[in-house]
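Structure first, then comments.
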């Protein structure tokens, strides 16, 4: 079986889907690996390293697509890349299937068996394939560092001859993987940290990291979705949530928002009037900017200032730490690929919950119900 590792073309995407160590594993499993020349350059992996791991380096893209049975990427394939795929190719990458409907249609037309790393089930067996978690971990860490660089105040408590400097107050909205890493990083920098999440079950995790859990009183299972994800909450809950967040935001120096529901627009947690009430010089790091942002004033991909508050809507923070981000993503990919190809060849076992869960298009059909619904609406 021929596996193709593509060079990412999306601006700012510095990661790569396989590193020399995982290429070696593929080769050992009996796969023939072709790496596009320069694919690992932005992640600091050279052509020579891939070559030494057993891969063939290919400069001609059309040749690469022509011989590939399995294509692995980080970012979703562009329309022109899908055009270059052979009919019946198997393809794996991140892919927001309910949003990128035109790309889904083209994959279906080309009879591509397509898997999204966004759709990997959150089960114990699939834990080492969970690319969303591995990359969110990096995003949470980097958000704190960037936020600290934006601030005009120290993060830790400092006692000096010139006076005592109080610690920065940091509020984390959303205590998933990114939020928990943000809490841990902010605490290491000496900040005073609070965290809010719609799922009461995460309270213990938040407090174990040394942060205070901000809780909206509720008798219902509001906000608790399948697989540990957050879900949409009731209108009454939202009103009480907004009031509580508004009170805590007004006292914060830095707010990091991480509330992202896969495949859907990000919920608005910070409205314009809340930003107005924040301290001048404070910062909002919006990790949900990719899907529109958790702050009403976020401009995806831009850093703006509103009412004296810096709002950072930077996209794809994991790609700003490409070496480790690629290392983790490549591990997720190789684990999934070995599961899909147990003897070095693709085994499309649709009774397997990991394979059927991550698959969204197969044999000219959409196999993922939410994707099918999204296409019917588009």
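Tell me yes or no: at least one residue of segment 119-136 is more than 22 Å from residue 286 (Cα to Cα) and in contact with a strand residue (DSSP E or B) (Cβ under 8 Å, 6 or more places away or on another chain). Yes, there is a match, as at least one residue in segment 119-136 is more than 22 Å from residue 286 (Cα to Cα) and in contact with a strand residue (DSSP E or B) (Cβ under 8 Å, 6 or more places away or on another chain).
Got at least one residue in segment 47-54 being in a loop (DSSP other than H, G, I, E, B) and surrounded by 22 or more Cβ atoms within 10 Å (Cβ to Cβ)? There is no residue in segment 47-54 that is in a loop (DSSP other than H, G, I, E, B) and surrounded by 22 or more Cβ atoms within 10 Å (Cβ to Cβ). Residues in segment 106-117 that are in contact with a strand residue (DSSP E or B) (Cβ under 9 Å, 6 or more places away or on another chain) and part of a helix (DSSP H, G or I) were compared, and the one that is farthest from residue 65 (Cα to Cα) is 117. Could you check, for segment 143-150, whether at least one of its residues is free of Cβ contacts under 8 Å to residues at least 60 places away in the same chain and either more than 20 Å from residue 321 (Cα to Cα) or not in a loop (DSSP other than H, G, I, E, B) (or both)? For segment 143-150, residues free of Cβ contacts under 8 Å to residues at least 60 places away in the same chain and either more than 20 Å from residue 321 (Cα to Cα) or not in a loop (DSSP other than H, G, I, E, B) (or both): present. The set of residues from segment 94-105 being touching a strand residue (DSSP E or B) at 6+ places or on another chain (Cβ under 7 Å) and not in a loop (DSSP other than H, G, I, E, B) comprises just one member, 104. Residues of segment 190-215 that are under 27 Å from residue 131 (Cβ atoms) and touching a helix residue (DSSP H, G or I) at 6+ places or on another chain (Cβ under 9 Å): 193, 195, 196, 197, 198, 199, 201, 202, 205, 206, 209, 211. Among the residues of segment 159-175, which ones are free of Cβ contacts under 8 Å to residues at least 12 places away in the same chain and in a strand (DSSP E or B)? Correct list: 159, 160, 163, 164.
No other residue among 171, 107, 119 is modelled with pLDDT of 95 or more, more than 30 Å from residue 269 (Cα to Cα) and surrounded by 17 or more Cβ atoms within 10 Å (Cβ to Cβ) apart from 107. A single member of 12, 88 is part of a loop (DSSP other than H, G, I, E, B), farther than 17 Å from residue 332 by Cβ and touching a helix residue (DSSP H, G or I) at 6+ places or on another chain (Cβ under 7 Å), and it is 12. Of everything listed in (1) under 25 Å from residue 263 (Cα atoms); (2) touching a residue at least 24 places away in the same chain (Cβ under 8 Å); (3) outside the structural domain of residue 118 (by TED's automatic domain parsing), the single unmet condition for residue 301 is (2). Only one of the listed residues (277, 281) is on the phi > 0 side of the Ramachandran plot, assigned by TED's automatic domain parsing to the domain that holds residue 172 and more than 15 Å from the chain's Cα centre (by Cα). That residue is 281. Among residues of segment 56-72 being crowded, with 19+ Cβ neighbours inside 10 Å and not in a loop (DSSP other than H, G, I, E, B), the one that is farthest from the chain's Cα centre (by Cα) is 58.
Would you list the strands (runs of 3 or more DSSP E) that sit entirely within segment 270-342 and hold 3 or more residues that are buried (at least 18 other Cβ atoms within 10 Å of the Cβ) and at pLDDT 95 or above?
Details: elements: 283-286, 303-306, 309-312.
Once the strands (runs of 3 or more DSSP E) in segment 270-342 are filtered for at least 3 residues that are buried (at least 18 other Cβ atoms within 10 Å of the Cβ) and at pLDDT 95 or above, what remains is 283-286, 309-312.
Residue 157 meets all of the listed conditions (1) more than 17 Å from residue 208 (Cα to Cα); (2) crowded, with 17+ Cβ neighbours inside 10 Å but one, namely (2). Suppose the filter is part of a helix (DSSP H, G or I), surrounded by fewer than 24 Cβ atoms within 10 Å (Cβ to Cβ) and touching a residue at least 60 places away in the same chain (Cβ under 8 Å); does residue 75 pass it? Criteria not met by residue 75.
The values are calculated or read from the model by the stated rules, or taken from the named source; none is laboratory data. Nothing here was measured: the structure is a model prediction, and the numbers come from that model. All Cβ positions, even for glycine, are placed from backbone atoms using ideal geometry, and neighbour counts span all protein chains on display.
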